[in-house]
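To start, the structure itself, in structure tokens.
The values are calculated or read from the model by the stated rules, or taken from the named source; none is laboratory data. Everything quoted here is computed from the prediction, not taken from an experiment. Cβ placement follows ideal geometry from the backbone for every residue including glycine, while neighbour counts extend to all protein chains displayed.
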Amino acid sequence: MNDWIPLIGQQMREQVSCWFTAEPLARFSERYIEEKLRESVKFGQLTVLHYRMFGGAGHEVYKAAAAVELFILASDILDDLQDRDAPDKPWMQAPDAVSLHVACSLLTLSQQVMLNSTGDDRIRIGLLEMMNRQLLQAANGQMLDLMNDAYDEQEYIDTVKQKSAALLIFACQTGVLLAGHPWNEGVEEYAMEIGIAAQLKNDVRDMLRWDDKSDFLQKKKTLITLFLLESLAEEDLWIKDYYEGRLSKDDIADKQDCFVQACERTGASLYGSVMSRMHYNRFVELLESFQEEGPWKDMFLHILRQEIA
């Protein structure tokens with residue numbers, strides 16, 4: 001499994017070199033790929049894992065995994081350009097027009113690489129149909145996230161299912177289909193639980209930050225901030241005033257400690273952690289019942305350990 005990441009990265013670089021003949025496009029893309037490889041390629045690893053789990057034995061899986069990661073990279077770039085909350089990323093330090101063009105080019109490249117990942121026309125058609133279906137679902141989820149108007153917890157979870165979970169399902173099902181199998185409902189179910197658990201863990205982290213990625217300072221509505229807003233004591237009502245625009249960011253600049261205390265007092269942080277763990281435990285339960293022969297469970301949990309567990 002340790003060999004998977006270098007092989008996926010190699011394919012990402014090779015595909016950029018092959019298809020991006022404009023030197024600046026190749027140069028910026030390669031720079032962004034290197035940043036991505038330093039962070040995480042869990043989506044591509046899940047593609048390889050499911051390919052092996054379902055009996056696949058060829059090396060074409062690394063090209064398919066590269067297609068998955070190229071799309072995830074493009075999605076990350078677009079997300080950061082929209083949210084403006086990751087100033088240290090190389091795509092945020094380049095002109096917006098350049099990074100936007102690179103992201104759009106990577107989206108197209110990801111589909112071309114997926115198309116070329118197999119010579120079997122039946123599998124190729126199935127992969128592209130599945131890819132487009134999941135990515136369109138993720139696009140819907142991203143739009144709902146940008147609108148930031150979830151009014152209750154179920155609506156927020158539904159948005160997560162369309163956005164984050166749809167991409168994890170895409171990564172896992174790519175391996176399943178490439179190995180010659182049809183869409184697997186069991187994989188869909190546990191990948192959905194992974195996506196929800198991972199997003200809720202990120203929400204707990206981002207709620208307590210006090211920087212550009214703070215969900216509170218950005219007035220984002222998540223499962224946890226919605227819970228917080230419904231649980232405020234009298235002394236914490238300034239939090240609601242900030243969300244509703246009666247206070248500015250300058251007005252609350254010195255209230256970080258008060259905010260952390262409010263999160264602890266209301267149980268918002270604990271609630272988010274418990275909900276994340278609940279969905280993670282459900283994933284493990286589903287994986288246990290689904291388990292194929294081989295070392296797949298331990299490898300699966302290893303890939304996800306830094307993200308969720």
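The table that follows gives values for the structure above.
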read-out	value
Helices (runs of 4 or more DSSP H) enclosed by region 1-120 - at least 2 residues per element that are acidic (Asp, Glu) and over 26 Å from ASN148 (Cβ atoms)	23-39, 60-83
Count - residues of region 142-169 that are surrounded by fewer than 18 Cβ atoms within 10 Å (Cβ to Cβ) and assigned to a loop (DSSP other than H, G, I, E, B)	4
Pair list, Cβ under 6 Å, 6 or more apart: region 147-159 residue within 15 Å of LEU200 (Cβ to Cβ), other residue assigned to a loop (DSSP other than H, G, I, E, B) and among the small types (Gly, Ala, Ser)	TYR156/ALA150
Residue satisfying all of: in region 1-29; over 13 Å from GLU69 (Cα atoms) and surrounded by 15 or more Cβ atoms within 10 Å (Cβ to Cβ); nearest to the chain's Cα centre (by Cα) among these	PHE28
Counted residues, region 62-99 - those being at pLDDT 95 or above and over 16 Å from GLN142 (Cα atoms)	20
Residues being assigned to a loop (DSSP other than H, G, I, E, B) and not small (Gly, Ala, Ser) - total across region 196-240	15
Among the candidates ARG84, ARG31, residue that is among the charged types (D, E, K, R) and at positive phi	ARG84
Hey, GLU185 modelled with pLDDT of 95 or more, more than 15 Å from the chain's Cα centre (by Cα) and surrounded by fewer than 21 Cβ atoms within 10 Å (Cβ to Cβ) or not	yes
Residue match in region 106-121 (condition: surrounded by fewer than 21 Cβ atoms within 10 Å (Cβ to Cβ), in contact with a Ser or Thr (Cβ under 9 Å, 6 or more places away or on another chain) and of a type outside the set (A, V, I, L, M, F, W, C))	no
Some residue of region 251-258 being at pLDDT below 95, part of a helix (DSSP H, G or I) and either among the acidic types (Asp, Glu) or touching a Leu at 6+ places or on another chain (Cβ under 7 Å) (or both)	no
Filter result for the condition that a residue is β-branched (Val, Ile, Thr) and touching a residue at least 60 places away in the same chain (Cβ under 8 Å), over VAL48, VAL41	VAL48
Among the residues listed as ARG84, ARG122, the single one being among the basic types (Lys, Arg), farther than 24 Å from LEU287 by Cα and touching a residue at least 24 places away in the same chain (Cβ under 8 Å)	ARG84
Residue ID - nearest to LEU7 (Cα to Cα), chosen from residues in region 38-51 that are over 15 Å from the mean Cα position of the chain (by Cα) and modelled with pLDDT of 95 or more	VAL48
